[in-house]
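Report on one structure; see the data block that follows.
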Amino acid sequence: MFRHKGKSRTYIHNLKLASMLSFAAGMVNITGILSVQTLTTNITGHFAFFAEHFSNKSYGMALVSLLFVASFLAGAFVSNLLIEATLRIKPAICHVFPMMIEIVMLNLVGLSGNHAPLSAVDSQIIACALLFAMGMQNALVTSVSQSVVRTTHLTGLFTDLGIELSQLFFYYKRTDIQQLKRSIYLKLAIIGCFFLGGITSGFIYSTFRLKTLLFAAAFLLIAFYYDNLRFRYYQLKRKLQS
């Protein structure tokens, strides 16, 4: 799921990666909205807020919007920096450091702010941390899947989905239709899991508050170890067969 790259990477690898990580992103998105009233998995809205605040001469709030954008960018930058550095040493584990950092950040945020009302500054710090973590995740899955999968926002996915659905009326070769349908199913899986993660987070937030992020972190940890265990299983199987 994480380890396979290039020609060794299959549709099933991308489907598993998309489903698991988009579910976690959906949880983070709703938790961010409910806890700090901030979009924490994409930055499109923050550019709109920046323009609004700047035009209203609320320069402090405009700067905060830019800080949110910069946090997502920094997460993507650090994630790919770690991936590229590790690729040159041990390619098989290039995904480990971004995943571990994201999981640690979600745990740290999840364990903070549950015992008292959050101040404006605390809310902004939490939003920046979540945006950084989601920037890391988006860069990781984009790099691993060679830009096939993105899991933290849906605008581009719905655009691509609309395009591909319209192409069903014009593609007649069986191989073309099969390839198109697989791409559509992949996008529907990402969208469905993102919504499912959001709905799950919405139901449990009233009980766990920011600790809802611990569930998202646990899900990412399961995805990480699932991939590692499957790799070790097939590695052992090949040794036994040889």
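The values are calculated or read from the model by the stated rules, or taken from the named source; none is laboratory data. Remember, predicted model here, so these are calculated numbers, not experimental data. When we count neighbours, we look across all protein chains shown, and the Cβ atoms used for this are built from the backbone with ideal geometry, even at glycine.
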* Asked: Any residue at all in the range 16-39 that is closer than 16 Å to Leu140 by Cα and basic (Lys, Arg)?
  -> yes
* Asked: So which of Leu81, Leu67, Leu39, Leu106 is of a type outside the set (Val, Ile, Thr), at pLDDT below 95 and surrounded by 12 or more Cβ atoms within 10 Å (Cβ to Cβ)?
  -> Leu39
* Asked: Just wondering, is there one or more residues in the range 48-65 that are within 15 Å of Gly135 (Cβ to Cβ), part of a helix (DSSP H, G or I) and either basic (Lys, Arg) or out of contact with any strand residue (DSSP E or B) (no Cβ under 9 Å at 6 or more places or on another chain) (or both)?
  -> no
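Each row is one residue, and each column tells you yes or no for (1) closer than 29 Å to Thr207 by Cα; (2) without any contact (Cβ under 8 Å) to a residue 60 or more places away in the chain.
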residue	(1), (2)
Phe47	no, yes
Gly60	no, yes
Val64	no, no
Ile93	no, yes
Pro98	no, yes
Ile101	yes, yes
Pro117	yes, yes
Leu140	no, no
* **Looking only at the range 155-190, and only at residues there that are within 23 Å of Ser79 (Cβ to Cβ) and in contact (Cβ under 8 Å) with a residue 60 or more places away in the chain, the one that is surrounded by the fewest Cβ atoms within 10 Å (Cβ to Cβ)** => Thr155
* Would you mind stating whether Met100 is surrounded by 13 or more Cβ atoms within 10 Å (Cβ to Cβ) and either touching a Ser or Thr at 6+ places or on another chain (Cβ under 7 Å) or of a type in the set (Lys, Arg) (or both)? => no
* Asked: Pick from Phe219, Phe203, Phe231: which is at pLDDT 90 or above, on the phi < 0 side of the Ramachandran plot and not basic (Lys, Arg)?
  -> Phe203
